[in-house]
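The values are calculated or read from the model by the stated rules, or taken from the named source; none is laboratory data. Predicted model only: the values in this text are computed from it and were never measured. Glycine gets a Cβ as well: all are built from the backbone with ideal geometry, and neighbour counts include every protein chain shown.
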Amino acid sequence: MAKRDKKDIDFLSTQSYPGREVEALGLVVEIHTVGLGTFRDYIARIMDILGGRVNTYDKPARKAMEKVFDSLQDQAGALGADAVIGVAVEVSPVPFKGMAMTQVLGFGTAVRFLRKEVSEFEGRDGVLPLSEESKRVVSEMTARSGRAVARPTIPILKS
């Protein structure tokens, strides 16, 4: 498999990639644990008394999430993936006496595309594609009515 540039890899939380047929290449998983620090705990206690948002924990948590996504992209790129689907991220406190730590877990399924993108007018599932004229007519009807127009289909006869 050819290694892909990680900036070309899409992340989706859905279990499929809309308009694409995909092949699963494997699970990608990353865990990153970050210490939040005693000083941040002190500020958080003050904010708890005063009320309001505790921003002191946000920056390290965001950095941990960025590292998780960077690693997922690296892993998917090494597999030759076009995308990662079913992406989930969990952020959890790590209970350890006297220490404030947070763990970020990210995972998903690295996939590659099997064929080019399927447009709304292209044939799929045993249906012939529409002619250019038919595409134009359906588009005009949809634009005029303001709602989707059912596309006529012609079944493919298999011998």
Exercise for review: Tell me, please, whether a residue that is at pLDDT below 70, surrounded by 13 or more Cβ atoms within 10 Å (Cβ to Cβ) and touching a helix residue (DSSP H, G or I) at 6+ places or on another chain (Cβ under 9 Å) can be found in the stretch 81-100.
Suggested key: no
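Kindly indicate the residue of the stretch 14-45 that is of a type in the set (Val, Ile, Thr) and surrounded by 12 or more Cβ atoms within 10 Å (Cβ to Cβ) and also modelled with the lowest pLDDT among those meeting that condition. Let's see the steps before the verdict.
Step one: list which residues in the stretch 14-45 are of a type in the set (Val, Ile, Thr), which gives 14, 22, 28-29, 31, 33-34, 38, 43.
So of that shortlist, the ones also surrounded by 12 or more Cβ atoms within 10 Å (Cβ to Cβ) come out as 22, 28-29, 31, 33-34, 43.
Values: Val22: 93, Val28: 96, Val29: 95, Ile31: 93, Thr33: 86, Val34: 83, Ile43: 59.
Among them, the one singled out is Ile43.
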